[in-house]
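Okay, so here's the structure we're looking at.
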Amino acid sequence: MVKSWAEAQTKRAVASFTSPTKEDIPILISIGQIRGSGFLVKEILPQLTKNTAIFDFTIAFVKALHENKGSIPEQPPSSNPGETTSGPSGSNMKTMIETLLNAAAAQWSSVAAQPYTGY
């Protein structure tokens, strides 16, 4: 009962994740470490690619994914003793990074056109 409730709450939270910030990155990395890169690709990535104004977040998230790729499995660890899961992520991580970089590249012209405000 608690597991199904938690799963429903997770799906609701993911569905409402539409405006990510850099502060969300450690939480997303933790989710990947717990739920696996398959979850990130299936549930989180579609939400991120819907937002076309998150260039800074996207670049920072790609960097964090690259730095943590060895600690994010393809699938979550098994709860069954003796059952093994795949090691560090490969194809899911590659898909996620490529998709995010393509999304960032598509946003570049609007980012480059903004005046520099770091004075």
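Throughout, read-outs are computed from the coordinates displayed, never taken from laboratory work. Everything numeric in this text was worked out from a predicted model, so none of it was measured. Cβ sites come from the backbone with ideal geometry, for glycine too, and all protein chains shown count toward neighbours.
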Qualifying lysines (Cα of each under 21 Å from Cα of Lys50; at least 8 residues distant if same chain):
Lys11, Lys22, Lys42, Lys63, Lys94
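Taking 0.36 nm per intervening residue step and subtracting the Cα-Cα distance, what contour gain separates Ala60 from Thr18 on full extension?
Numbers: separation 42, 0.36 × 42 = 15.12 nm, distance 1.65 nm.
So the chain would gain 13.5 nm between Ala60 and Thr18.
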Contour minus end-to-end for Gln9 and Thr52, with contour as 0.36 nm per residue of separation and end-to-end as the Cα-Cα distance?
12.9 nm
Computed label-point distance, nm, for sites Ile97 and Gln75 using a 7 Å Cα→Cβ extension
2.3
Please work out whether region 1-83 counts as rounded, prolate or oblate from its C-alpha gyration tensor, where a ≥ b ≥ c are the square roots of the eigenvalues and a/c under 1.5 means rounded, while otherwise a/b larger than b/c means prolate and anything else oblate?
oblate
